[in-house]
Amino acid sequence: MAILVIRNAGTNNIIHNIRSTKMTYAITSKYGHTYLGNSSPSKMEVHQVSNEKTNCQLSEILSAGHAVGFSPDTLAQAHQDGYDNCAYCIGGSTR
C-alpha cells in the first residue's frame, strides 16, 4: 500500500493523507519485467512476459503507451491493482 502524506511546511501538521493499494508505473520496455499490464480502460489485463504469445501484442501495448509494471512484480499485485489475466499467456481470464 502506498501512502502519501502532505504536511503544512510551517507547522508540520498533516493536511492530506492519501492511501492507495495501486502500485503500477509506466514502462517503455518489456525487458526486466516478469509481468506487463495493459492499462487501456477497455483491456486492463496482465501478461506474463516470458510466455508471450502472438495474440498478446505486447509491442502494440508498449507503442500505444499503455504498458505498466507492478511493484512488486507479481501476478498477485497485478490482480490487486484490478488487472485480469491475459487469456493467451496466463489463461484463466474472467472477462
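The values are calculated or read from the model by the stated rules, or taken from the named source; none is laboratory data. Only a predicted model underlies this, so the values are computations on that prediction, with no experimental measurement involved. Please note: Cβ atoms are built from the backbone with ideal geometry, for glycine as well, and neighbour counts cover all protein chains shown.
Below are the figures for this structure:
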quantity: Long-range neighbours under 8 Å by Cβ, at least six apart or interchain, first residue without any contact (Cβ under 8 Å) to a residue 60 or more places away in the chain and closer than 13 Å to Phe70 by Cβ within segment 41-56, second polar (S, T, N, Q) and not in a strand (DSSP E or B); calculated: Glu45/Ser93; Gln48/Thr34; Val49/Thr34
quantity: Pair list, Cβ under 9 Å, 6 or more apart: segment 61-74 residue touching a residue at least 60 places away in the same chain (Cβ under 8 Å) and closer than 10 Å to Ser29 by Cα, other residue part of a strand (DSSP E or B) and small (Gly, Ala, Ser); calculated: none
quantity: So Ile61, is it of a type outside the set (Ser, Thr, Tyr) and modelled with pLDDT under 95; calculated: no
quantity: Residue under evaluation Gly10, criteria (1) at pLDDT 95 or above; (2) assigned to a loop (DSSP other than H, G, I, E, B); (3) of a type outside the set (Asp, Glu), criterion not met; calculated: (1)
